[in-house]
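Data first, discussion second: the structure below is written as structure tokens.
The values are calculated or read from the model by the stated rules, or taken from the named source; none is laboratory data. Predicted model, so just to flag it, every value in this text is computed and none were measured. FYI the Cβ positions are ideal-geometry reconstructions off the backbone, even for glycines, and counts take in every protein chain you see. Protein only, heavy atoms only, side chains kept; ligands, DNA and RNA dropped before computing areas. Shrake-Rupley method; radii C 1.70, N 1.55, O 1.52, S 1.80 Å.
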Amino acid sequence: MNGRMYAVATAARVEPYPEATTLSLETQRLIFRLTLVVADVLALSVALRVGYWLRFDLGVTISPEVVPSAFYYPQLIAFLIPVFLLAFAIFGLYHMDVLLGGVEEYSKVFHACTTVTMIVVIVTFITPQFVVSRVWLISAWLLSFVNVILARFACRRLAYAARDRGYLLVPAVIVGTNQEAMTLVAELRNWRTSGLRIVGCVTCDGQANAERWEGLPVVGSVRDIQRIISQHAVVDLIVAITALSREELLRLCEDVNASEGVHLRLSSGLYELLTTGVTVSSMGTVPLISLNKVRLEPQQIWVKTLLEYSLTFVGVVLLSPVFLAIAALVKLDSRGPVIHRRRVLGVSGRQFDAFKFRTMYVNGEALLKDKPELSAELQANHKLKHDPRITRVGRWLRKYSLDELPQLFNVLMCQMSLVGPRIITAEEAAKYGRHKLNLLTVKPGIT
């Protein structure tokens, strides 16, 4: 399916936007920020109070000889909560460009909580009479981070639900009416959580004028951009960069710079390639864009790998009796190896062997020789609805997905993830066209 067919097919599934609310966007954002403040206060109150409970109710302590007074902790908690909120504001955690940003937002929460904790530590050094329980301080630090993250995750779900009902949507227009613009329209209109309400499209010089294009109203040409911004209260201009000439793009930048509060967002022209993100750096006075080869940032990869290694190692230890039992069943059911190796593609197209418990007879291909209809079905779909090659134990293993348990070792070998896109072979990759580059930016997953 080429780019145009993909865009048209996707656009055809798009549901109309919900009706716009009568509340202004600024009012909606203010309500959302206030909701975040309330959620943060509740999360911090619980975190600091649980820390108190651990130290003074349960008696958990690091230094039993040091007995800090428990009486001033309620006042200390009441004082620290506004300090936390001030730190959150300083770190931009109530700014809409940061909110609903996932890892970036959570990283700022961690740094803000750590900063407040370090301030308390410094005060204890400067003021000797100010003694704070280390158990309370450490637990308050960890729990404040975890609780605020959970609260903001819940608020994000609320924001997504609100956007599906017409709230917290930023008015935007698509500049350009070429193939790249078609892909942008299809993707952005289906991705409701992006927070964009696409009010129309803008034609460029030399492009035919019409009342509608790809289901969107044509609100004017690129020469009328200031009028369009004012008339439709546009906040985001999404530019299909391949639709504009160099002169048009420069003129558009000049016009948008004169409009305060309007963001100019340039598409790369290589949507299928740049889903991994880019790095902008300057060489001399020339800004250059570098394509990231993988989707995740280094710190994200580190955290994800640490989590997966921990869970996988525990899983392998606990499931070792299950491994042995399945291996014995496979061996007793039919002749052949216990483990089947399937050559598949990993990150950046690197090939590796994915492990599975063998679920087919070793002479499986011979069983299809006299069944041309099954061979044709296999070639078309890469699987069979009623496959004679599958063993009795194999059917049971596939039914409960137990045949994939050995892929836990692929996770330990850094070839796969616990959760990720489906595994594909080099032959299957051709079916994805240019979008296979998207699929190969992260490790394939067991599930």
Going by amide H atoms built from the backbone, whose H comes under 5 Å of the H on CYS201, apart from near neighbours? ILE174, VAL218, VAL219
With θ taken as phi - 60° and the coefficients 6.51, -1.76 and 1.60, list the Karplus ³J(HN,Hα) couplings across the range 52-58 in order, rounded to whole Hz; mark glycine and proline as x. 5, 4, 4, 7, 9, 8, 8
Residue-by-residue Karplus 3J(HN,Hα) for the range 212-227, coefficients 6.51, -1.76, 1.60, Hz, glycine and proline x: 9, 8, 6, x, 10, x, 8, 8, x, 9, 5, 6, 9, 4, 5, 5
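Express in nm, to one decimal, how much length is gained between MET413 and TYR432 on full extension, taking 0.36 nm for each residue of separation and deducting their alpha carbon distance. Walk me through the intermediate numbers first.
Working: separation 19, 0.36 × 19 = 6.84 nm, distance 2.64 nm.
The span from MET413 to TYR432 would gain 4.2 nm if fully extended.
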J(HN,Hα) series, the range 323-335, from Karplus relation 6.51 cos²θ - 1.76 cosθ + 1.60, nearest Hz, glycine and proline x: 4, 5, 5, 5, 4, 5, 5, 4, 5, 6, 6, 7, 6
So GLU26 and ALA325, fully extended at 0.36 nm per residue minus their Cα-Cα distance, gain in nm 101.5 nm
Near the amide H of HIS340, under 5 Å away, which other amide H atoms are found, from residues 5 or more places off or on another chain, if H is placed in the peptide plane? LYS356, PHE357, ARG358
Give, in whole angstrom and from largest to smallest, the semi-axes √(5λ) of the equivalent ellipsoid of the range 31-149, with λ running over the eigenvalues of the Cα gyration tensor. 27, 14, 12
Which of the peptides 174-185, 345-356 is most tightly packed, and how do the rest follow, judged by the mean count of other Cβ atoms within 10 Å per residue? 174-185, 345-356
Distance in nm between label sites at LEU42 and TYR106, each 7 Å beyond Cα in the beta-carbon direction? 2.1 nm
So how much accessible area does LYS436 have, in Å² to the nearest 10, using a 1.4 Å probe? 80 Å²
Could you order CYS204, CYS414 so the one with the most accessible surface comes first? Probe is 1.4 Å. CYS414, CYS204
Calculate the spin-label point distance for LEU158 paired with ASP97, positioning each point 7 Å from the Cα along the beta-carbon direction, and give it in nanometres. 2.5 nm
Neighbour net charge for ARG33 - beta-carbon separation under 11 angstrom, K R +1, D E -1: -1
Amide H to amide H, which residues 5 or more places from ILE424 or on other chains are under 5 Å from it, using H placed in the peptide plane? LEU345
Theoretical FRET efficiency, 1/(1+(r/R0)^6), r = Cβ-Cβ of ALA89 and GLN179, R0 30 Å, to 0.05: 0.10
